[in-house]
4 protein chains.
Amino acid sequence: MLPTTESAIGETPALIVVDAQDSESETDHPMRSDCGSIPGGREAIVDRINTVVEHARDADVPIVWGKELHRTDFADYGSELESCEPEHGAYGSAAERLDADLVVDEADLPPAEYVVEKRRYNFFHRTDIEHILSTYDVDTVILVGFMTNICVHYTAHGAHERDYAFRVVEEGTGAPTDRLHEIGLECIRYLQPRGLRNVEAVTEALDDYAGNPVVQRVKEEGKVTQETGAVPPTLAGKRPAETE
Amino acid sequence: MLPTTESAIGETPALIVVDAQDSESETDHPMRSDCGSIPGGREAIVDRINTVVEHARDADVPIVWGKELHRTDFADYGSELESCEPEHGAYGSAAERLDADLVVDEADLPPAEYVVEKRRYNFFHRTDIEHILSTYDVDTVILVGFMTNICVHYTAHGAHERDYAFRVVEEGTGAPTDRLHEIGLECIRYLQPRGLRNVEAVTEALDDYAGNPVVQRVKEEGKVTQETGAVPPTLAGKRPAETE
Amino acid sequence: MLPTTESAIGETPALIVVDAQDSESETDHPMRSDCGSIPGGREAIVDRINTVVEHARDADVPIVWGKELHRTDFADYGSELESCEPEHGAYGSAAERLDADLVVDEADLPPAEYVVEKRRYNFFHRTDIEHILSTYDVDTVILVGFMTNICVHYTAHGAHERDYAFRVVEEGTGAPTDRLHEIGLECIRYLQPRGLRNVEAVTEALDDYAGNPVVQRVKEEGKVTQETGAVPPTLAGKRPAETE
Amino acid sequence: MLPTTESAIGETPALIVVDAQDSESETDHPMRSDCGSIPGGREAIVDRINTVVEHARDADVPIVWGKELHRTDFADYGSELESCEPEHGAYGSAAERLDADLVVDEADLPPAEYVVEKRRYNFFHRTDIEHILSTYDVDTVILVGFMTNICVHYTAHGAHERDYAFRVVEEGTGAPTDRLHEIGLECIRYLQPRGLRNVEAVTEALDDYAGNPVVQRVKEEGKVTQETGAVPPTLAGKRPAETE
């Protein structure tokens with residue numbers, strides 16, 4: 001879909017919460033950053049993520065909760081072994097859970113909310129997220145979470161090269177240092193200058209949004225469509241006369 | 001987009017002409033099949049492709065002309081070297097041109113028509129076709145061309161797994177033997193029973209189609225949008241105040 | 001890697017067990033097929049899968065256990081709603097478990113064995129399997145499981161178009177009818193004539209295989225490499241001091 | 001392949017020359033940057049690219065010459081319309097040619113050198129480059145070209161997330177401003193600290209390299225393999241006895 005709007009949430013948004021995972025400790029770590037970049041640190045950012053989530057939920061916007069996770073033998077780690085990051089995201093560690101302060105219960109997700117696991121920074125890389133976005137006709141992804149310069153930035157890029165618009169919520173993301181946060185924002189702004197917004201602009205636009213009709217169907221009927229089940233299986237040599 | 005229609009062309013179709021390339025001779029060859037499967041052979045199929053093309057063109061539907069081509073040193077051939085097919089699609093051979101009997105002049109393509117080169121059977125694999133489909137908001141690909149069981153079938157599958165609907169025009173495709181043609185049709189019918197149609201059903205639905213508005217813009221103005229050029233580059237530390 | 005061998009397992013194989021999931025009942029169903037195509041039915045096939053697994057395990061070959069699973073609201077179902085198949089693979093159903101007769105305990109996987117979930121027929125589509133194959137330098141995937149014409153066939157095609165060789169174990173796969181089984185085998189044979197083998201040929205070649213050195217490291221040390229953790233951020237003589 | 005070396009060129013390198021395309025004028029432009037970031041500007045960088053190319057060519061390393069190009073009606077432009085960049089890379093403009101000062105004749109490419117067109121910043125996105133890299137068993141891409149923070153950086157990231165190592169030649173790339181160049185280098189260094197090298201280190205390692213055996217075969221015999229042509233097509237119901 002060609003870009004058609006300057007709206008703070010695009011035409012048909014989804015919200016992606018990037019790597020807001022739990023941590024073993026409060027120490028500085030790429031995946032459990034103390035977000036020195038943001039006054040109030042990680043806690044303040046999680047508060048803002050919660051604000052955006054609540055507006056998105058009320059506005060009937062689909063929500064994807066993302067986690068970067070890795071097998072403990074590093075079989076899926078690949079070039080991340082070449083990264084400057086320490087080991088992170090192991091199954092069995094605290095990272096397997098979403099941050100306890102988020103307004104969501106993973107064991108009982110609200111309708112039209114999903115957990116998606118990823119292996120690399122970019123949420124679009126070798127995950128099933130595009131199936132979900134396609135179901136909801138999404139043209140724009142709203143991004144919050146960690147870290148500005150890595151998973152948020154490369155997910156914005158992953159959206160960009162697949163012809164989605166994005167809206168990064170500037171105060172809803174952070175990085176361990178001011179400099180890394182600022183580099184992330186500059187890269188994001190270069191990709192889509194309209195793609196960097198603040199909490200106020202995004203929540204106001206969400207409040208004005210008519211709601212995603214497929215989300216509304218899921219909330220009412222429990223399914224994205226009632227037309228499930230098999231199309232008549234005209235197999236084994238039968239002519240497809242009934243398809244005309 | 002969830003499937004929403006039983007129409008013979010879907011909601012927003014594009015036409016893909018698969019591997020209707022020229023050949024050195026009339027001999028039987030996977031890429032220059034004599035299409036024993038179809039009474040009248042390749043010539044009859046090309047006639048039908050032309051019919052579908054003309055209706056699609058009149059209906060303001062985007063058209064992609066596909067070619068499978070390979071570098072002459074086989075550097076991009078990979079696992080095709082393991083295939084049962086003989087060498088095919090070399091740059092510099094007749095395969096570099098579209099079939100001379102097609103109603104198109106490659107050197108002067110009509111508006112909203114494109115040539116896309118591919119390396120594997122599946123048109124969606126490592127090509128830029130999805131950028132074009134996204135520009136025109138396409139949800140359904142109409143497929144004609146060669147061969148039923150290989151490039152048409154695996155392109156239908158490539159569309160299927162990316163959540164497009166497809167409509168294969170049954171008499172607009174062929175294979176070297178009846179058996180291969182029939183196997184192709186059975187695979188296609190399994191994937192999407194609604195996805196196998198005939199020329200009459202497809203051309204009638206094209207005649208009733210309101211036309212793709214982006215195609216209409218390209219025909220009138222020469223571009224998919226006039227809003228090209230840079231969004232103001234708010235780089236190098238400037239705050240994105242103008243984005244709110 | 002260019003094809004270099006006619007060996008029944010390639011140079012550096014991995015074994016993929018496709019969709020051998022548990023079922024609610026014994027009724028005929030694409031995902032819990034009774035495999036009319038094979039004398040002895042599904043049970044006989046599972047026995048043969050177990051044979052291949054045991055030889056692969058002894059030969060230090062990495063093993064991927066695959067499951068096709070879908071969210072119960074169909075948010076990831078997309079074009080499968082257009083398929084001739086009934087609803088299948090729901091989380092919370094029996095399909096969430098591997099077949100109980102397989103020689104594996106999912107809760108306690110042996111070293112260098114992995115469970116990978118997929119959403120479409122083709123195991124390579126939007127999953128992390130290529131990260132695992134890359135870690136083990138795999139050039140050839142050995143395929144067993146269900147069904148011949150769908151998930152086994154389209155996974156073979158997914159491997160093919162990504163330049164892997166494949167080896168489908170003919171009696172280690174099945175389909176609901178003889179005809180579907182035979183169509184699957186013919187498609188597979190067309191893609192890579194060397195890619196269709198029998199249990200005896202594959203297990204003999206596995207018995208002769210020297211073993212994957214990374215599998216051997218995982219069995220001994222628990223990890224694919226001991227060189228994990230951050231690469232010191234010091235390259236080309238320079239320290240990137242400005243990033244701290 | 002797991003990272004196994006600190007070598008300035010990896011184990012099995014390919015050289016990718018990113019977007020070193022011709023320009024209409026010398027004005028500052030994302031695609032025809034005057035590279036204010038580098039003393040001597042674009043001309044000095046092209047000289048260094050030529051140096052790296054000549055060492056790679058002598059060392060029997062495959063070379064890919066990349067061009068970002070777009071259809072003049074913007075049908076493949078997608079989210080780039082949301083970028084801060086002005087229109088760029090149109091077919092029919094000077095950008096269709098490689099920079100005239102490069103040591104290559106596009107119309108008569110040396111053996112094992114290729115032109116690949118791309119539509120987005122990241123060279124790995126929807127192009128056929130991975131087929132070529134696979135043919136030559138490449139584990140590491142050496143990157144030179146334009147611009148540091150965009151196409152070089154996002155190609156490095158595209159390599160990274162597909163489990164290739166990369167080596168960016170620091171003085172062989174540039175950007176319109178010092179700041180953009182520096183941001184690009186910082187992002188690159190974060191991804192793979194071992195991935196940022198200088199001309200001297202890379203050319204010395206190339207001089208010591210034994211050469212890619214497939215490149216050597218192409219130089220001697222004109223093809224990546226002589227084993228082309230069809231594997232016996234055991235189709236249409238025949239048993240694959242000969243494959244055992």
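The values are calculated or read from the model by the stated rules, or taken from the named source; none is laboratory data. Owing to the predicted nature of the structure, the values given are computational and were not obtained by experimental measurement. Neighbour counts run over all protein chains shown; Cβ positions are idealised from the backbone, glycine included. All accessible areas refer to the heavy atoms of the entire protein, side chains included, with ligands and DNA or RNA removed. Shrake-Rupley method; radii C 1.70, N 1.55, O 1.52, S 1.80 Å.
The conditions of being within 29 Å of A:Lys223 (Cβ to Cβ) and under 15 Å from the mean Cα position of the chain (by Cα) are met by C:His125.
This table checks each residue for (1) more than 30 Å from A:Ile129 (Cα to Cα); (2) surrounded by fewer than 23 Cβ atoms within 10 Å (Cβ to Cβ); (3) more than 12 Å from the chain's Cα centre (by Cα).
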site: B:Tyr121; (1), (2), (3): no, no, no
site: B:Ser134; (1), (2), (3): no, yes, yes
site: B:Val144; (1), (2), (3): yes, no, no
site: B:Thr148; (1), (2), (3): yes, no, yes
site: B:Glu161; (1), (2), (3): no, no, yes
site: B:Tyr164; (1), (2), (3): no, no, yes
site: B:Val168; (1), (2), (3): no, no, no
site: B:Arg179; (1), (2), (3): yes, yes, yes
site: B:Arg194; (1), (2), (3): no, no, yes
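Does the stretch B:152-188 hold any residues that are among the basic types (Lys, Arg) and under 21 Å from C:Phe123 (Cα atoms), and which are they? The answer is B:Arg162, and nothing else. Within the stretch B:210-222, at least one residue is at pLDDT 95 or above, away from chain D (no Cβ under 14 Å) and open to solvent by less than 20 Å² (accessible area, probe 1.4 Å). Can you tell me which residue within the stretch A:75-87, out of those that are touching a strand residue (DSSP E or B) at 6+ places or on another chain (Cβ under 9 Å) and within 14 Å of chain D (Cβ to nearest Cβ), is farthest from A:Leu133 (Cα to Cα)? Applying the filter and picking the extreme gives A:Glu82.
In the stretch B:124-146, the residues that are facing another protein chain (nearest Cβ under 7 Å) reach residues that are polar (S, T, N, Q) with C-beta atoms within less than 7 angstrom, at least six apart or across chains, in these pairs: B:Arg126/D:Thr127; B:Asp137/B:Thr12. Scanning the stretch B:177-186 turns up no residue that is out of contact with any His (no Cβ under 9 Å at 6 or more places or on another chain) and within 16 Å of C:Gly158 (Cα to Cα). Out of the residues in the stretch B:9-41 meeting the condition of being at pLDDT 90 or above and touching a Ser or Thr at 6+ places or on another chain (Cβ under 8 Å), tell me which one is farthest from C:Glu80 (Cα to Cα). Checking each candidate, the answer is B:Val18. Exactly one residue out of D:Val202, D:Val138 is crowded, with 24+ Cβ neighbours inside 10 Å and either at pLDDT below 95 or under 14 Å from the mean Cα position of the chain (by Cα) (or both), and it is D:Val138.
Among the residues of the stretch B:88-119, those that are farther than 23 Å from D:Ile132 by Cα and buried (at least 17 other Cβ atoms within 10 Å of the Cβ) comprise B:Leu98, B:Asp99, B:Leu102, B:Val104, B:Pro111, B:Ala112, B:Glu113, B:Tyr114. Scanning the stretch B:39-58 for residues that are open to solvent by 10 Å² or more (accessible area, probe 1.4 Å) and under 20 Å from B:Leu133 (Cα atoms) yields a count of 4. Number of residues in the stretch D:60-73 that are open to solvent by less than 10 Å² (accessible area, probe 1.4 Å) and in a loop (DSSP other than H, G, I, E, B) equals 3. Going by the conditions given, is D:Leu185 farther than 20 Å from D:Val116 by Cβ, buried (at least 19 other Cβ atoms within 10 Å of the Cβ) and more than 12 Å from chain A (Cβ to nearest Cβ)? It is false that D:Leu185 is farther than 20 Å from D:Val116 by Cβ, buried (at least 19 other Cβ atoms within 10 Å of the Cβ) and more than 12 Å from chain A (Cβ to nearest Cβ).
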